[in-house]
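Peer 1: Encoded as structure tokens, here's the structure I'll be asking about.
The values are calculated or read from the model by the stated rules, or taken from the named source; none is laboratory data. What you see is a predicted model, and the numbers here were worked out from it, not measured in a lab. When we count neighbours, we look across all protein chains shown, and the Cβ atoms used for this are built from the backbone with ideal geometry, even at glycine.
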Ligand SMILES: NC(=O)c1ccc[n+]([C@@H]2O[C@H](COP(=O)([O-])OP(=O)(O)OC[C@H]3O[C@@H](n4cnc5c(N)ncnc54)[C@H](OP(=O)(O)O)[C@@H]3O)[C@@H](O)[C@H]2O)c1
């Protein structure tokens, strides 16, 4: 069983689609049953829950051999950073408890820094937590980010929305299509040196392989 967190989102939906096409056993997760229903119709197991809730995450990861992890957040949330931190801890705790052996994180450029990265805030902490999972193979895909926050902005709870508004129209930043991110987990054994996979720990995850 492969658990896909954020399956109705940009990255998660591409991963879930690929896995279902490969006839893999897939469990999809998100807060909206309606948004997950199309995957259910194609044979995925659907779990509706909130990724900040440990109990919901236990259901997501139960019996799963592999997992795609995304870190969600609403930039208009006044507690954006602290909620993402709580979510990261809950996700890691549930993965450890359920002994998921292969984990792929949809991370981002900027995850190497613990501050000044705007909406990417929290991925640095989550990477550290996941790499601390003693019995799991963890791969973090630090993809180019479509948001393109200017460097040096404070990652405080109030800052994320402001930073997006301050982005200059001619600001240059790298971008990547989400479908290209999604194609990395199934083919990781051949993409270790790809520019889309600058961060790699442990051996290749077993997602669609
Ligand atoms: N998109 C890109 O091009 C890109 C590039 C670089 C890195 N990344 C990274 O990839 C990850 C995912 O990005 P994305 O673009 O796929 O995000 P997205 O399109 O915003 O999707 C977020 C997903 O998470 C779900 N979700 C949101 N809040 C949730 C919660 N509290 N509990 C459970 N599910 C929740 C959403 O569904 P519901 O709202 O229905 O719950 C949705 O399925 C992020 O960590 C991001 O930094 C993305």
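Peer 1: If we keep just the residues of segment 73-107 that are within 12 Å of the ligand (Cβ to nearest atom) and in contact with a strand residue (DSSP E or B) (Cβ under 8 Å, 6 or more places away or on another chain), which is farthest from residue 143 (Cα to Cα)?
Peer 2: 91
Peer 1: Can you tell me which residue within segment 112-131, out of those that are within 13 Å of the ligand (Cβ to nearest atom) and at pLDDT below 95, is nearest to the chain's Cα centre (by Cα)?
Peer 2: 120
Peer 1: For residue 66, which of the numbered conditions (1) within 14 Å of the ligand (Cβ to nearest atom); (2) over 12 Å from the mean Cα position of the chain (by Cα); (3) touching a residue at least 12 places away in the same chain (Cβ under 8 Å) fails to hold?
Peer 2: Evaluating residue 66 over (1) within 14 Å of the ligand (Cβ to nearest atom); (2) over 12 Å from the mean Cα position of the chain (by Cα); (3) touching a residue at least 12 places away in the same chain (Cβ under 8 Å) leaves (1) as the failure.
Peer 1: Can you find even one residue in segment 47-55 that is in contact with a strand residue (DSSP E or B) (Cβ under 7 Å, 6 or more places away or on another chain), within 12 Å of the ligand (Cβ to nearest atom), free of Cβ contacts under 8 Å to residues at least 60 places away in the same chain and assigned to a loop (DSSP other than H, G, I, E, B)?
Peer 2: Yes, that holds for at least one residue.
Peer 1: Please go through segment 8-46 and pick out each residue that is in a loop (DSSP other than H, G, I, E, B) and either under 16 Å from the mean Cα position of the chain (by Cα) or within 10 Å of the ligand (Cβ to nearest atom) (or both).
Peer 2: Across segment 8-46, the qualifying residues are 8, 9, 31, 32.
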